[in-house]
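What follows is a set of notes on a single structure, which appears directly below.
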Amino acid sequence: RSQHALASQLNGSGAFPCCYGLAEKLVHKKVKGLLGLGACKFGFTGAAPIMVDTLAYFGQLGIQINEVYGMSECTGACTWSLDDTHKAGSCGFAMPGVEVAVLDADSGTEVPAAKGATPSEAEQGEICFRGRNIMMGYLANPALGEEHVAEIKKKTAEAIDENGWLHSGDKGFMDQQGMFKITGRYKELIIGAGGENVAPVPMEDFLKTHEVAGKRYGISDARRGGDKRKDNVCLVTLQTKGYTGELA
């Protein structure tokens, strides 16, 4: 199942491995039923990042989880993945009728598509949306006073720029196929003592998922810090028996 799930990604062959049908009938169908997913036809995820390992697990059961991405301020999803156009770790293509762009955080100019799977800093930027689906602004209550109204107007101006772009606050890039991927949050950036900007999320994910010789580091969680300091530090928790909280 995992081989078929990988082959079903964009540009994959879609090939079925040997004994696929037998495994589906004897094992996978029963497991899906026990999970309450026996009648599941479509699977989607949004609102929070999902690990590739989780996608692979459901892929082994024959359930393709497609990622969607957007905000309440833009009426929900703006990018979408489908069964025949998806890539693990990507949140898909821009939906029809919606403009999605990666804008440089300083200049506001559009950043070109990344040339490889590991983009440089210059190929990343803030993911922004534009279209008729964007809100008119945050709603203020005049009964709460002029100060409140002014504050809400300020928040609206910070969210939607003069060109109509809604700023997500998410750092990411677009690949050569037009698919978008989130790499971090600008609000989560660590600003070091030398003024360098460090995104903690990629390193945290690397420590939690990286393998050496087919084995993981044994780290269950990682949190990176070092704002306004010379060096970054990382707090890690090790994987031990019962670390998931399932055991007392």
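A compact table of results
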read-out: Segment 195-239 - accessible surface per residue (Å², probe 1.4 Å); value: 71
read-out: Spatially proximal lysines relative to residue 41 (Cα-Cα < 16 Å; intrachain offsets below 8 disregarded); value: 29, 30, 32
read-out: Nearest-0.05 FRET efficiency for residue 183 and residue 163, computed from C-beta distance (R0 30 Å); value: 0.80
read-out: Accessible area in square angstrom per residue, segment 119-177, 1.4 angstrom probe; value: 63
read-out: Lysines whose Cα lies under 28 Å from that of residue 154, excluding same-chain neighbours fewer than 8 positions away; value: 171, 187, 228
read-out: For the chain: relative contact order, % (alpha-carbon pairs under 8 angstrom, 6 or more apart); value: 11
read-out: Residue 22 versus residue 240: modelled label distance in nm, points set 7 Å from Cα along the beta carbon direction; value: 4.4
read-out: Angle in degrees between helix 146-159 and the longest Cα principal axis of the chain, rounded to the nearest 10; value: 50
read-out: Residue 113/residue 150 FRET efficiency (R0 45 Å; Cβ-Cβ; nearest 0.05); value: 0.70
read-out: Rounded percent of accessible protein surface that carbon and sulfur make up, segment 37-134, 1.4 Å probe; value: 57
read-out: Calculated [θ] (222 nm, deg cm²/dmol) that DSSP helices of n ≥ 4 give over the chain, each run adding -39,500 (n - 2.57); value: -5500 deg cm²/dmol
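The values are calculated or read from the model by the stated rules, or taken from the named source; none is laboratory data. This is a predicted model, so every value here is computed, not measured. Glycine also receives a Cβ, built like all others from the backbone with ideal geometry; neighbour counts cover every protein chain displayed. For accessibility, only protein heavy atoms count, side chains too; no ligands or nucleic acids. Shrake-Rupley method; radii C 1.70, N 1.55, O 1.52, S 1.80 Å.
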